[in-house]
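Below you'll find the structure, written out as structure tokens, and then a few comments.
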């Protein structure tokens, strides 16, 4: 799979995974993200209801695997950051942490590749391109809203 496809899938994953928003009202956030995702698929990518539902079904199918892989990835990143923050000179610890990080990254890419391969069977290359652009914009809006909320600007 090309880097382009990985980017597309990464964006889909980031937007489809509400675990990034670990807040008390998580169910609301999850529902809102699914609404936004549906809107993107229909209005920006140009999918009809049936095709949008098929794509969403694929995203939902891989969500548990994606979430587990993302959780593992975050844990490996924390391990690396902790080693660096402690200014550790334990080269073995770094070696193991890097190996764990790379393994987690491969696992996440594998899940994303499978997911995108299925999505690619459902929509045209042009629709895939539209999806990339639309999801990138959507992700930027979500990040902006999260930053504002974190700064108290609800």
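What to note about this one:
- Of all the criteria given as (1) over 17 Å from the mean Cα position of the chain (by Cα); (2) surrounded by 13 or more Cβ atoms within 10 Å (Cβ to Cβ), the one not satisfied by residue 107 is (1).
- Evaluation of residue 24 against the conditions (1) at pLDDT below 85; (2) touching a helix residue (DSSP H, G or I) at 6+ places or on another chain (Cβ under 8 Å) shows that the sole unmet condition is (2).
- Within the range 110-130, the residues that satisfy the criterion of being exposed (fewer than 13 other Cβ atoms within 10 Å of the Cβ) and either in a helix (DSSP H, G or I) or in contact with a strand residue (DSSP E or B) (Cβ under 8 Å, 6 or more places away or on another chain) (or both) are 121, 125, 126.
- Matching residues, the range 45-76, being without any contact (Cβ under 8 Å) to a residue 40 or more places away in the chain and closer than 30 Å to residue 98 by Cβ: 64, 68, 72, 73, 74, 75, 76
- In the set 40, 133, only one residue is within 30 Å of residue 25 (Cα to Cα) and buried (at least 16 other Cβ atoms within 10 Å of the Cβ); that residue is 40.
- Hey, residue 87 exposed (fewer than 14 other Cβ atoms within 10 Å of the Cβ), free of Cβ contacts under 8 Å to residues at least 40 places away in the same chain and farther than 22 Å from residue 43 by Cα or not: yes
The values are calculated or read from the model by the stated rules, or taken from the named source; none is laboratory data. Everything numeric here is computed off the predicted structure, so don't read it as measured data. Counting neighbours? That spans all protein chains shown, and the Cβs are built from the backbone with ideal geometry, glycine included.
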